[in-house]
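Shown next, in structure tokens, is the structure this report addresses.
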Amino acid sequence: MRKNNPKSQSTELELDQPNIEDYLPDGHPIHQEPRGKLRLCDLLDISPTLSEAAGAIVDDSFLRCFKSIPSEPWNWNVYLFPLWCFGVVVRYFVLFPARVLLLSFGWMIFLSAFIPVHLLLKRDNNLRKNIEVFFVASWTGVVKYHGPRPSMRPKQVFVANHTSMIDFIVLEQMTAFAVIMQKHPGWVGLLQNTILESVGCIWFNRTEAKDREIVARKLREHVQGADNNPLLIFPEGTCVNNHYSVMFKKGAFELGCTVCPVAIKYNKIFVDAFWNSRKQSFTKHLLQLMTSWAVVCDVWYLEPQNQKPGETSIEFAERVREIISQRAGLKMVPWDGYLKYSRPSPKLKEGKQRDFADLVLRRLEEK
Amino acid sequence: MGTASSMLTQYDIEEVQEHCNNLFSQQEIVSLYQRFCQLDRNAKGFISSDEFLSVPEFAMNPLSQRLLKMVDGINFKDFVAFLSAFSTKATAHHKIELIFKVYDSDRNGKVSFKDILEVLKDLSGPFMSDEQREQVLSQVLKEAGYTKESSLTLDDFIKVLGQSELKMDVEIPVD
């Protein structure tokens, strides 16, 4: 039976405490079910539906996840402004060149070793780790790892929340992971093809329809393999602004493995690490990081979870999402991250239509 | 008024406020402008249908297509004027007027039996048959003193909806 949930318009939109059991947002009706015989005014009164539409236009919980939340400008007076100017000079003319040099140096060492090794051997973890250290140092990454890192066993996958491409690098620094990534164009794609291939990464393409099954198969194969690197998956499927978490895709949770959650939280005082892929390319994002003071983040390795008996993959995914969101202080939102790239399916609309039709037909019976 | 800039001058705010008959406070207009800029992705000065549909909560609303016809390509002033019907300060008359406009898609000032059926179809989708919709509508129309052939005007709407309390308020988040 449907719950009688009277909610005013404004609280309907504040999905900061969402109903986790309801996957589709149509799980909660917004108005009290009226009683009594159906009259013309009831049919003509479309105000609840209109209000929902207007509410969505004014503010919605989905776009909030991808909004770069600017930090308060602090350089607004005579005393602080020169300080900030000095900071800009240091960041752009001292730190940035130093980092570029460091990065180039690292790359030179790496490539001079990697290319011959790549041609001779299948994979080499140590070298790759070294380049990552340079990468992270190149933006002065201060990463604090918490929690006992789960020991490497077979039949184990790692899942983490996703804020930027550098999530992967931050985590790689400590452990060699194989990651599943979206194929990118440009120089990033080149990197993916050459260097990351050696770690054993899996590629997917959001835009390809049949891709899902192929990827699911690849995931399963990887997990079965005994000497593959442990798999790291970002179940959100897209970059979110590190204040919210969107729904986890269930692919990672139906492999019959133990899932080790990892929570990543960036400290925004130093730089906003969220890669707003709509607003800036990865290159620009990287430059922004390299001209900031530091990238400071916390990484928590959380207790490995297994699927409970009688729990569906979706419930398992949501349970792990809650564990990660709680640790990283993220608000959970019941939307699928892929809605960034495509329209919601008509099924979501049908839920509301069914509710309306039921209501009308039921009241028609009442005399 | 600057179309592409993301800064609103005090003059702009006052102009917009006048255009919506002071139904929003200046702070609310600034908030609405931030939202407008967020939806208007390439700072064109208006929001296209596609950009409205990128809000999943809006796209899954049964009346989204009807509303899109009213707001497609809307600039900021009209955006605020459209939303002003949802202000808590708006009169019932103003709200009913918007409801009427949603029904009267051909803008001829009259809402026919067919027009209401179309809206009912949007709202109920595949869960009611055309016959059921016609039957329900004829029945309630008869009880209210109208016939299948009557065309309802805005005054009729005010008469029918004026009694009930319209819950049509949307709060503008102001930081």
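The values are calculated or read from the model by the stated rules, or taken from the named source; none is laboratory data. As the structure is a prediction and not an experimental result, all values here were calculated from the model. Don't worry about glycine lacking a Cβ; one is built from the backbone with ideal geometry, like all the others, and counts go over all protein chains shown.
Note on segment A:55-109: residues that are without any contact (Cβ under 8 Å) to a residue 40 or more places away in the chain, outside any helix (DSSP H, G or I) and surrounded by 11 or more Cβ atoms within 10 Å (Cβ to Cβ) total 1. Filtering segment A:309-367 down to residues that are in a helix (DSSP H, G or I) and of a type in the set (V, I, T), which residue is nearest to the other protein chains (Cβ to nearest Cβ)? Among those residues, the one meeting the criterion is A:V360. Scanning segment B:112-125 for residues that are among the hydrophobic types (A, V, I, L, M, F, W, C) and either over 19 Å from B:T147 (Cβ atoms) or more than 9 Å from every other protein chain (Cβ to nearest Cβ) (or both) returns B:F113, B:L117, B:L123.
Please work out which residue is surrounded by the fewest Cβ atoms within 10 Å (Cβ to Cβ), limiting yourself to segment B:125-157 and to residues that are in contact (Cβ under 8 Å) with a residue 24 or more places away in the chain and in contact with an Asp or Glu (Cβ under 9 Å, 6 or more places away or on another chain). My answer is B:K148. Scanning segment B:81-104 for residues that are within 11 Å of chain A (Cβ to nearest Cβ), more than 22 Å from B:Q163 (Cβ to Cβ) and touching a residue at least 40 places away in the same chain (Cβ under 8 Å) yields a count of 2.
Residue by residue, here is whether (1) crowded, with 19+ Cβ neighbours inside 10 Å; (2) of a type in the set (A, V, I, L, M, F, W, C); (3) part of a helix (DSSP H, G or I) holds:
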residue: B:Y11; (1), (2), (3): no, no, yes
residue: B:R41; (1), (2), (3): no, no, no
residue: B:F58; (1), (2), (3): yes, yes, yes
residue: B:S84; (1), (2), (3): yes, no, yes
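Results for (1) farther than 22 Å from A:C65 by Cα; (2) touching a residue at least 12 places away in the same chain (Cβ under 8 Å), shown as yes or no for each residue.
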| residue | (1), (2) |
| --- | --- |
| B:N42 | no, no |
| B:F52 | no, yes |
| B:L68 | yes, yes |
| B:D106 | yes, no |
| B:V119 | yes, yes |
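A quick yes/no check of all residues on (1) within 21 Å of A:S342 (Cα to Cα); (2) surrounded by fewer than 15 Cβ atoms within 10 Å (Cβ to Cβ); (3) in contact with an Asp or Glu (Cβ under 8 Å, 6 or more places away or on another chain):
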residue: A:K210; (1), (2), (3): yes, yes, no
residue: A:L219; (1), (2), (3): no, no, no
residue: A:V223; (1), (2), (3): no, no, no
residue: A:F234; (1), (2), (3): yes, no, yes
residue: A:K249; (1), (2), (3): yes, no, yes
residue: A:V262; (1), (2), (3): no, no, no
residue: A:R278; (1), (2), (3): yes, yes, no
residue: A:V296; (1), (2), (3): no, no, no
residue: A:Q305; (1), (2), (3): no, no, no
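Looking at B:V170, B:V160, just one residue is within 26 Å of B:V71 (Cβ to Cβ), crowded, with 19+ Cβ neighbours inside 10 Å, at pLDDT 90 or above and within 7 Å of chain A (Cβ to nearest Cβ), and that residue is B:V170. Among the numbered conditions (1) in contact with a Lys or Arg (Cβ under 7 Å, 6 or more places away or on another chain); (2) free of Cβ contacts under 8 Å to residues at least 60 places away in the same chain, the only one that B:M168 does not meet is (2).
Do the conditions hold for A:L83, that is, is it touching a Ser or Thr at 6+ places or on another chain (Cβ under 6 Å) and either at pLDDT 80 or above or within 20 Å of A:V295 (Cα to Cα) (or both)?
Working: touching a Ser or Thr at 6+ places or on another chain (Cβ under 6 Å): no; either at pLDDT 80 or above or within 20 Å of A:V295 (Cα to Cα) (or both): yes.
No: the conditions fail for A:L83.
Looking only at segment B:30-61, residues that are farther than 24 Å from B:V102 by Cα and hydrophobic (A, V, I, L, M, F, W, C) come to 3 in all.
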